[in-house]
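First the structure, in the form of structure tokens, and then the observations on it.
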Amino acid sequence: MVGPIPVSSRAASIEYAIRDVVVPATELEAQGHRILKLNIGDPIAYPGLPTPPHMVEAYADALRSGRNGYSPSYGLPELRAALADDEQRKGWPARPEDIYVCHGVTEALQLIFAAVLEEGSKVLAPGPHYPPYMAYPQLYGGETVEYNLHGDDDWRPDFDDIEKKMDQNVRLLVLINPNNPCGTVCGRDDIDRLLGIARAYPNCIVVADEIYDGLDFTGNHVSVASRSNDVPVIALNGVSKVYYAPGWRIGYMALHDPLGRLTLVRDGLERLLRSRLCASTPAQLGYLAGLTGDRTWMQTYSERVKAQRDYCLQRISEIDGLEVQTPGGAFYMFVKLTDPKWQANDKEFVLSLLHEEKVLLVHGSGFSPQRGKGHVRLVYLAELDVLEDAFSRIERFLARHR
């Protein structure tokens, strides 16, 4: 009998913990169970945080008026100009030609990896981190090396560890700020120290993933590009999180090149961008409306998200078997499992909790096999009554297995 056609090793080895745990949850839903989902960072999946109406209307207007064809490969000129203005407000002289519009930050990362990495190249990224930083570099001949985050100090970067792991093969040094999955917010001093390390390696680019920059509860967040006068920085951002439109899949990369050293990388990125045509034209116009229209709604949304964060912190402090560092931004918390039964079995904890109590979290080892072990990521976007129910179930589960 003829066997199955083989799959490439690069595809077979990819894991994405955030969505992998959805598979058993979907099976339970098909059996009629209601799942309390605290697993995915999709604001639209939770009631009460809709995409702002003026953005939706701009998207719909684009469809109605026939603005539904291909856009320029680098993005609509008016959107690139608005994004440059937005980056300028963050403190650096961005120009429209520095902005490249992509199918979300995930595509931007793939393009950056394709333009920069070769066999033997390294990406130095925080551990724990957003899974694509581990999954994609290998597709382009690169390797991801994790630097440590201090789990007992609000998950701040371990700069000694960064310095120890830097070498001439590190082409991309990543800072996710605010961090996914930990919620860390790095301020000026931390950013300046990171740039100081990168400065000693002339072929290294700092990748600043700032997709959650509008969800900073500390007041300390600053743009990485705004702090650099010499080190090249590629800032990543988009419509998904702060503008509450994740399914539109519009992100961008902004190249800050103060000494003009990214000429060849820019050319490579532009070749790649042209080869894949363009991002969605109507969605770009919807994003443009968000950038140029009223933003007062953002404060109301942020206050709600912060209140839900504070509720989760209170409940976790009352539950034996859980601990957490206070997240300074985004909408995640990285919860430590202190019960001995689960400290080395975070994925088993997640799956058992799902099957027994119908609460869905993400195992911490999915964000870093070593540095995320013994933790779970919790998304605190659900309404308070759902969070209350979920924590009651988690507490009951821990007590039953103690």
Quiz item: For region 361-389, which residues satisfy the criterion of being among the aliphatic types (A, V, I, L, M) and within 19 Å of the chain's Cα centre (by Cα)?
Solution: Leu361, Val362, Val376, Leu378, Val379, Leu381, Ala382
Quiz item: In this structure, does Leu285 turn out to be among the aliphatic types (A, V, I, L, M) and either more than 25 Å from Asn148 (Cα to Cα) or buried (at least 17 other Cβ atoms within 10 Å of the Cβ) (or both)?
Solution: yes
Quiz prompt | Residue ranges of strands (runs of 3 or more DSSP E) in region 270-387 with at least 3 members in contact with a Ser or Thr (Cβ under 9 Å, 6 or more places away or on another chain) | solution = 322-324
Quiz item: Is it true that some residue in region 33-40 is among the basic types (Lys, Arg), not assigned by TED's automatic domain parsing to the domain that holds Leu273 and not in a loop (DSSP other than H, G, I, E, B)?
Solution: yes
Quiz item: How many of the residues making up region 288-340 are β-branched (Val, Ile, Thr) and over 17 Å from Val362 (Cα atoms)?
Solution: 6
Quiz item: Assuming Gly214 fulfils every condition listed in (1) part of a loop (DSSP other than H, G, I, E, B); (2) crowded, with 22+ Cβ neighbours inside 10 Å; (3) touching a residue at least 40 places away in the same chain (Cβ under 8 Å) apart from one, which condition is it?
Solution: (2)
Quiz item: Can you name the residue in region 137-177 that is of a type in the set (Lys, Arg) and without any contact (Cβ under 8 Å) to a residue 40 or more places away in the chain and is also surrounded by the fewest Cβ atoms within 10 Å (Cβ to Cβ) among such residues?
Solution: Lys164
Quiz item: Across region 255-276, which residue is farthest from Phe113 (Cα to Cα) among those that are over 26 Å from the mean Cα position of the chain (by Cα) and among the aliphatic types (A, V, I, L, M)?
Solution: Leu259
Exercise. Would you check if Val222 is in contact with a Ser or Thr (Cβ under 9 Å, 6 or more places away or on another chain) and more than 25 Å from Leu285 (Cα to Cα)?
Key: no
Quiz prompt | Tally of residues being closer than 16 Å to Trp155 by Cβ, surrounded by fewer than 17 Cβ atoms within 10 Å (Cβ to Cβ) and not charged (D, E, K, R) across region 313-367 | solution = 2
Quiz item: Got a sec? Which of Leu109, Leu63, Leu49 is touching a helix residue (DSSP H, G or I) at 6+ places or on another chain (Cβ under 9 Å), touching a residue at least 12 places away in the same chain (Cβ under 8 Å) and buried (at least 20 other Cβ atoms within 10 Å of the Cβ)?
Solution: Leu109
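The values are calculated or read from the model by the stated rules, or taken from the named source; none is laboratory data. Treat the numbers as computed from the prediction; the structure is a model and nothing was measured. Quick reminder, even Gly has a Cβ in these numbers, built from the backbone with ideal geometry, and neighbours come from all protein chains shown.
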